[in-house]
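Step one of this worksheet: look at the structure below.
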Amino acid sequence: MNRGKCGLSIIIPTYARPAQIASCLESLTKLVPPRSGFEVIVVDDGSPEPIDSVVRPFQDALNITLLRQVNSGPARARNAGAEIAKGQFLAFTDDDCCPEPEWLCAIERALEANPMCMVGGVTKNLLPNELFATTSHVIHLMVYAFFNRNPEDALLLASNNMAIPAEIFHRLGGFDAEYFRKAAAEDRDLCFRCRELGHQLKLVPDAVIGHAHSMSLSKFCRQHFWYGQGAFQYHRKQSRVVVQSLKNDTRLHTQFYRWLPGALGSIPLIMRIPVLPLLVIWQLANAAGFFYESYYGQRLHEAR
């Protein structure tokens, strides 16, 4: 492994998921190396058991660095990785993701063609026979179809598959680790601030990562409750009143049927009917999180 050449830095936050981070790192060993070279930075967000023994076997195959921090959330972990990154560009993914071999080359081409832009790829579900993972993937597809109708001028790129020039990332101050403590909306906030600074977002269809996030019903509900909380936090931070927030975010929920056929067409036929009631649960959990945060979260925010 050439440790002297590093045009891109891949940053991966992880917490208490040794099997997942091992699978992620294994997939990185199969990457087609970009011309500019790359490094990997794993940030252990205070896992109960250190993951040194998980990372160590990959040191010969990858130019890899392991950081460890007190548990502070994925946003702060990504920022910590960015602080020591040597690459001109920063690429972010998650520990439950497995980039496809051409992923980083596609990211490199997009960034070289658009050196002042944020770019991001697409996600495929690695657990097509698991109902909750499949439903979350359908939701992801609808969200991307809603926000990124113009791939050359996208509005939202998820933090499990995004890349940005390091200079711009640091100028933005990185992810907002103070405001967004849970894994919800900190990527949306970064995208908003990037566009406000005058930089476009571009969707790169051939930059593909696989996502393997197994869930139960309770985890599914909790995740989308958090996303509802994150949506309210995002709008509050941008000084938008709740009425305007509802107007903006409920468009996706009230018009989701426009993008539903395309999203359902991407999943196995046997899964399409069972997914439908879970989409109702998604909407209820998301709304519950939004309204919970608008009342209790707002009061806590004002008390600080």
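Some notes on this structure:
- Among the residues making up region 154-178, a single one is closer than 19 Å to GLU39 by Cβ and among the charged types (D, E, K, R): GLU167.
- Selection of region 149-202 for residues being closer than 21 Å to ASP45 by Cα and of a type in the set (S, T, N, Q) yields SER159, ASN160, ASN161.
- When ALA177 is tested against (1) of a type in the set (A, V, I, L, M, F, W, C); (2) surrounded by fewer than 20 Cβ atoms within 10 Å (Cβ to Cβ); (3) out of contact with any Lys or Arg (no Cβ under 8 Å at 6 or more places or on another chain); (4) not in a helix (DSSP H, G or I), only condition (3) is not met.
- Which numbered condition GLU112 fails, given (1) outside any loop (DSSP other than H, G, I, E, B); (2) touching a residue at least 12 places away in the same chain (Cβ under 8 Å): (2)
- Candidates in region 269-293 are the residues that are aliphatic (A, V, I, L, M) and either without any contact (Cβ under 8 Å) to a residue 40 or more places away in the chain or not in a helix (DSSP H, G or I) (or both); of these, the one that is nearest to LEU141 (Cα to Cα) is LEU276.
- Residue in region 192-201 that is of a type outside the set (Gly, Ala, Ser), assigned to a strand (DSSP E or B) and either modelled with pLDDT of 95 or more or crowded, with 22+ Cβ neighbours inside 10 Å (or both) present: yes
- Of all residues making up region 49-71, the number that are in a loop (DSSP other than H, G, I, E, B) and either buried (at least 18 other Cβ atoms within 10 Å of the Cβ) or without any contact (Cβ under 8 Å) to a residue 12 or more places away in the chain (or both): 4
- Only one of the numbered conditions (1) in contact (Cβ under 8 Å) with a residue 24 or more places away in the chain; (2) outside any loop (DSSP other than H, G, I, E, B) is not met by GLU83, and that is (1).
- Residue match in region 142-160 (condition: touching a His at 6+ places or on another chain (Cβ under 8 Å) and either touching a residue at least 12 places away in the same chain (Cβ under 8 Å) or not aliphatic (A, V, I, L, M) (or both)): yes
- Verdict on PRO165 being touching a Pro at 6+ places or on another chain (Cβ under 9 Å) and surrounded by fewer than 20 Cβ atoms within 10 Å (Cβ to Cβ): no
- Looking only at region 262-288, and only at residues there that are over 17 Å from ALA231 (Cβ atoms) and small (Gly, Ala, Ser), the one that is surrounded by the fewest Cβ atoms within 10 Å (Cβ to Cβ): GLY265
- Answer residue from region 211-259, given it is at pLDDT below 90 and outside any helix (DSSP H, G or I) and is surrounded by the fewest Cβ atoms within 10 Å (Cβ to Cβ) among those: SER239
The values are calculated or read from the model by the stated rules, or taken from the named source; none is laboratory data. The structure presented is a predicted model; accordingly, all values stated were derived computationally and were not measured. Positions of Cβ are generated from backbone atoms using ideal geometry, with glycine treated the same way; all protein chains shown enter the neighbour counts.
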